[in-house]
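The values are calculated or read from the model by the stated rules, or taken from the named source; none is laboratory data. Values in this document were obtained by computation on a predicted structure and should not be read as measured data. Cβ coordinates were reconstructed from backbone atoms using ideal geometry, including for glycine residues, and neighbour counts include every protein chain displayed.
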Amino acid sequence: MKLDCDSLIFDMDGTLWNAVDSYCTIWNTTFDRLNIPHHPVTCDTLMKYMGMHLEDIVKNLCDDVQDKDTFLKLLDNNERTMMPILGGRLYPDVTTTISKIARGRRLFMVSNCGSHGLENFLDYTGLRPYFTEALSHGGTGLDKTDNIKLLINRHQLKSPYYVGDTQGDANAARKAGVGMIFASYGFGHVDKPDFTLKRFKDLEDIITLK
């Protein structure tokens, strides 16, 4: 069955790219610059919290840190300055598939990342020309559901679908009244999605190309 939609809203981490190695470097650098003793932050550690708001990840990983606000501010600044250099790894065929499905429909991004995350992603990957707007929790202060609703209202979207890789993504999409396309190659699991991607390129088989 083909999906005829006027727009697609994408998650970032676990859906379009994997940048967990870079995030680990940024977290460990933040601990070191504040001279906070810590166990090294590993990919396995961060993977447990992918998709959560950054403030909530800090609460989970920095239980012994007294001044969490200072830590969060430095972490955000380190991500702003380091991610344009470190970047991440796009999943196979993301660029070519995005260029195809962008014909005749608008593409957006909504993520729970920090204020600079989506801007860094779009600049690093060169995908900015394909996206109409990108909203993050760090940028708006809103959760994923409300950011999706904001895009729907602002751009008068009629039949959008959200593409993500976690149950949190699915819950947010459904609360916003949006269909869910599950990127099963990503970081999480989704109960009863509308469509499932085994690889990103599968979007070309699901979406009616124009």
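Structure values in brief
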quantity	calculated
Qualifying residue in the stretch 66-78 (condition: surrounded by fewer than 19 Cβ atoms within 10 Å (Cβ to Cβ), without any contact (Cβ under 8 Å) to a residue 12 or more places away in the chain, on the phi < 0 side of the Ramachandran plot and hydrophobic (A, V, I, L, M, F, W, C))	no
So Ser22, is it under 18 Å from the mean Cα position of the chain (by Cα), of a type outside the set (A, V, I, L, M, F, W, C) and under 18 Å from Asn112 (Cα atoms)	yes
Hits in the stretch 181-200 - residues which are surrounded by 19 or more Cβ atoms within 10 Å (Cβ to Cβ) and in a strand (DSSP E or B)	Ile181, Phe182, Ala183, Leu197
Residue among Asp63, Asp32 that is farther than 30 Å from His189 by Cβ, without any contact (Cβ under 8 Å) to a residue 12 or more places away in the chain, surrounded by fewer than 16 Cβ atoms within 10 Å (Cβ to Cβ) and not assigned by TED's automatic domain parsing to the domain that holds His189	Asp32
Looking only at the stretch 4-19, and only at residues there that are of a type outside the set (S, T, N, Q) and outside any loop (DSSP other than H, G, I, E, B), the one that is nearest to the chain's Cα centre (by Cα)	Asp13
Options Val58, Val41; residue that is hydrophobic (A, V, I, L, M, F, W, C) and not in a helix (DSSP H, G or I)	Val41
Candidate set from the stretch 146-172 (those that are among the β-branched types (Val, Ile, Thr) and surrounded by 19 or more Cβ atoms within 10 Å (Cβ to Cβ)); member that is farthest from the chain's Cα centre (by Cα)	Ile148
Every residue from the stretch 44-55 that is assigned to a helix (DSSP H, G or I), surrounded by 12 or more Cβ atoms within 10 Å (Cβ to Cβ) and modelled with pLDDT of 85 or more	Thr45, Leu46, Met47
